[in-house]
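Heads up, the thing below is written out as structure tokens.
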Amino acid sequence: MKYLSTRGHTDRKRFCEILLEGLAPDGGLYMPESYPQVSDATLTRWRDVYHRQGYAELAFEILSLYIDDIPAADLRALCEKTYTAAVYGTGEIVPLRHVEDGLWIEALSNGPTLAFKDMAMQLLGNLFEYELARRGEELNILGATSGDTGSAAEYAMRGKKGVRVFMTSPFGRMSPFQQAQMFSLMDANIYNIAVKGVFDDCQDMVKAVSNDLEFKRKYKIGTVNSINWARLLAQVVYYFAGYIQATESNAQKVSFSVPSGNFGNVCAGHVARMMGLPIEKLVVATNENDVLDEFFRTGVYRVRGTADTHETSSPSMDISKASNFERFVFDLLGRDGDRVKALFGDALNTAGRFDLSADPAFAQAASRYGFVSGKSTHAHRLETIRDTWKRHEIMIDTHTADGLKVALEHRTPGVPMIVLETALPIKFAATIVEALGREPERPAKFEGIEALPKRVIVMEADVAAIKALIARECAY
């Protein structure tokens with residue numbers, strides 16, 4: 001299996017090369033040259049694998065199709081090390097929770113940081129440690145988080161040999177619980193950097209450093225954001241696991257509703273669908289920062305500036321420049337790297353937008369690729385949280401509420417709708433209290449976390465400053 005850039009660079013690389021690299025040399029994102037096709041017989045066999053041997057073995061089966069430069073025995077061991085009941089609190093790893101007839105929530109927040117990001121990040125940490133040991137190298141991870149990616153990455157990488165983590169986040173824009181999860185870590189290889197700005201400023205800093213190829217090579221910069229193909233690939237697995245649990249035969253289709261900010265989670269669903277998983281709809285659910293909903297409704301992709309990026313009660317989706325969206329547009333436009341480069345490298349940088357409404361390919365976003373979308377506001381979140389608790393005694397977090405609200409607008413009779421859970425409610429307790437008048441349950445290990453000492457560096461959105469910090473710390 002070889003990987004190519006969405007922007008047409010001539011290089012073709014293997015999995016372990018792009019694992020440690022992040023962005024391609026031309027600023028594009030890595031994609032497989034082609035999607036492995038899953039036959040009916042293979043999907044039937046995977047049903048048996050999941051039910052008899054569990055999630056880790058299913059993960060091995062799927063990852064093996066994309067990773068052929070790690071020996072099979074080693075890859076299986078990495079999957080078995082990652083997906084355990086000890087880490088996720090249940091042997092099912094991603095159990096489906098029945099809401100009502102034809103409607104399910106897939107529990108993805110059983111990991112160490114109580115968010116779906118753990119599903120991929122725990123594997124990524126083990127992959128990094130394995131490959132770095134094999135090479136005898138070190139890696140400096142530079143990331144940006146709107147909330148959950150940061151803590152998931154830091155908990156996955158803390159204490160890992162040969163790895164440092166420099167994690168940027170928007171100053172004051174995460175929930176108190178999210179901040180405490182990250183800033184209370186005292187591990188010497190973890191650096192928290194609060195940037196005076198919004199998530200997109202953090203993301204722009206990461207991309208700017210990654211695009212400085214000389215600096216990137218000198219300081220061995222890698223990424224754990226969902227621009228890293230390995231992380232997105234790990235997320236493909238739970239689409240298959242959800243489908244297997246919700247159906248009895250391969251003749252059935254399902255739909256998935258996915259709370260969406262950076263487009264990584266739902267892009268994994270796109271990959272699963274391209275492999276042949278019988279998905280009818282991929283429902284993109286946004287909050288008030290509705291750049292993705294606007295595109296799927298109108299064909300116009302229009303990024304917002306800092307001043308126009310709303311601070312909401314589902315803060316992990318307060319994103320107006322969806323990095324992984326480039327991967328889908330690459331497929332939508334027939335994998336035309338030059339055109340993707342013109343859109344994402346030129347049009348966005350100069351005009352801050354591009355318009356595909358008149359392109360015949362735009363109609364295929366829904367008809368061929370199954371994408372539909374919708375938007376949820378704070379009022380919708382409160383009502384959805386209240387209604388789900390009142391009718392089903394199920395407490396959901398704010399982002400999952402966005403997904404559920406939009407899912408209900410796109411249900412098809414006879415087709416199970418699976419809402420991907422984003423996080424446990426405790427991560428956004430203030431809004432839960434506003435909606436329900438009660439505090440959500442808090443796992444014992446996180447009691448008093450907000451009162452712990454904090455270790456964080458505050459800086460302006462300054463690329464030179466983040467480079468200087470990395471250079472200084474790597475000198476020790």
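Every number here is computed from the coordinates shown, using simple stated rules; none is lab data. If you're wondering where the values come from, they're calculated on a predicted model, not measured in any experiment. Please note: Cβ atoms are built from the backbone with ideal geometry, for glycine as well, and neighbour counts cover all protein chains shown.
Positive end of the dipole of the chain, charges at C-beta (+1 Lys, Arg; -1 Asp, Glu), about the Cα centre: which of Phe166, Ser314, Val303 has its Cα farthest in that direction?
Going by the Cα projections, it comes out as Phe166.
Express in whole angstrom the spacing between the alpha-carbon centres of segment 353-401 and segment 266-291.
Centre-to-centre (Cα) distance: 10 Å.
Checking the a/c ratio against 1.5 first, then a/b against b/c, what shape does the Cα gyration tensor give for the chain?
Cα axes put the chain in the rounded bin.
With +1 on each Lys and Arg Cβ and -1 on each Asp and Glu Cβ, and nothing else charged, work out how big the dipole of the chain is about its Cα centre, in Debye to the nearest 20.
560 debye
So which trypsin sites (Lys or Arg not before Pro) in segment 355-441 are both in a DSSP loop and have at most 13 other Cβ atoms within 10 Å of their Cβ?
Arg368, Arg438
What is the distance in Å between the Cα centroid of segment 1-31 and that of segment 66-137?
About 23 Å separates the Cα centre of segment 1-31 from the one of segment 66-137.
Using +1 on the beta carbon of Lys and Arg, -1 on that of Asp and Glu, and nothing else charged, what's the dipole of segment 27-99 about the Cα centre, debye to 20?
My answer is approximately 320 debye.
Positive end of the dipole of the chain, charges at C-beta (+1 Lys, Arg; -1 Asp, Glu), about the Cα centre: which of Gly147, Val271, Ala133 has its Cα farthest in that direction?
Positive-most Cα among the choices belongs to Ala133.
Is it possible to state the helix-based mean residue ellipticity at 222 nm for the chain, with each DSSP H run of 4+ residues giving -39500 (n - 2.57), the sum divided by total residues, to the nearest 500 deg cm²/dmol? What is it?
Helices in the chain give a 222 nm mean residue ellipticity of -12000 deg cm²/dmol.
Take Ala361 and Gln252, extend 7 Å from each Cα along the Cα→Cβ direction, and tell me the distance between the two endpoints in nm.
Result: 3.5 nm between the two label points.
Cα gyration tensor of segment 331-475, axes a ≥ b ≥ c as square roots of the eigenvalues: rounded (a/c below 1.5), prolate (a/b > b/c) or oblate?
Oblate, because a/c is 1.5 or more while a/b does not exceed b/c.
Expected output is a single nm value to one decimal: the length gained when fully extending between Glu409 and Arg134, i.e. 0.36 nm times separation in residues minus the C-alpha distance. What is it?
94.1 nm
Quick one: what are the phi-derived ³J(HN,Hα) couplings along segment 213-222, Karplus 6.51/-1.76/1.60 with θ = phi - 60°, whole Hz, x for glycine and proline?
4, 5, 5, 4, 6, 4, 9, 6, 7, x
Give me a comma-separated list of calculated 3J(HN,Hα) values for segment 8-17, in order, Karplus coefficients 6.51, -1.76, 1.60 applied at θ = phi - 60°, integers in Hz, x for any Gly or Pro.
x, 4, 6, 4, 10, 10, 8, 4, 5, 6
Ratio to report: Rg/Rh of segment 77-223, with Cα atoms as the point set and Rh obtained by the Kirkwood method; give two decimals.
Expressed as Rg/Rh, it is 1.01.
How big is the dipole moment of segment 196-307 about its Cα centre under a simple scheme where the beta carbon of each Lys and Arg is +1, that of each Asp and Glu is -1, and everything else is neutral? Debye, nearest 20, please.
Magnitude of the dipole: close to 380 debye.
For segment 129-195, what's the relative contact order in percent, using C-alpha pairs closer than 8 Å and at least 6 residues apart?
Across segment 129-195, relative contact order equals 36 percent.
At a 10 Å Cβ-Cβ cut-off, how would you order Val283, Val254, Val300, fewest neighbours first?
Ascending Cβ contact count within 10 Å gives the list Val300, Val254, Val283.
Amide H neighbours of Arg7 under 5 Å, at least 5 residues apart or on other chains, H built in the peptide plane: list them.
Long-range HN contacts for Arg7: Gly28, Leu29.
Would you mind calculating the relative contact order of segment 90-210 from Cα pairs under 8 angstrom and at least 6 residues apart, reporting the percent as a whole number?
Relative contact order here is 21 percent.
What order do you get for Glu138, Glu214 when you list them from fewest to most C-beta neighbours inside 10 Å?
Starting with the residue having the fewest Cβ neighbours, the order is Glu214, Glu138.
Projecting each Cα onto the charge dipole of segment 362-476 (Lys/Arg +1, Asp/Glu -1 at the beta carbon, about the Cα centre), which of Thr431, Ala401, Thr412 comes out farthest on the positive side?
Farthest towards the positive end: Thr412.
Would you list Leu213, Leu185, Leu333 from fewest to most Cβ contacts within 10 Å?
Leu213, Leu333, Leu185
Given 0.36 nm per residue, what is the gain on full extension from Arg52 to Asp346 after removing their alpha carbon distance, in nm?
My answer for the length gained is 100.8 nm.
So, by mean Cβ neighbours within 10 angstrom, what's the order for 348-357, 25-34, 92-101 with the highest one leading?
Descending packing order for the listed peptides: 25-34, 92-101, 348-357.
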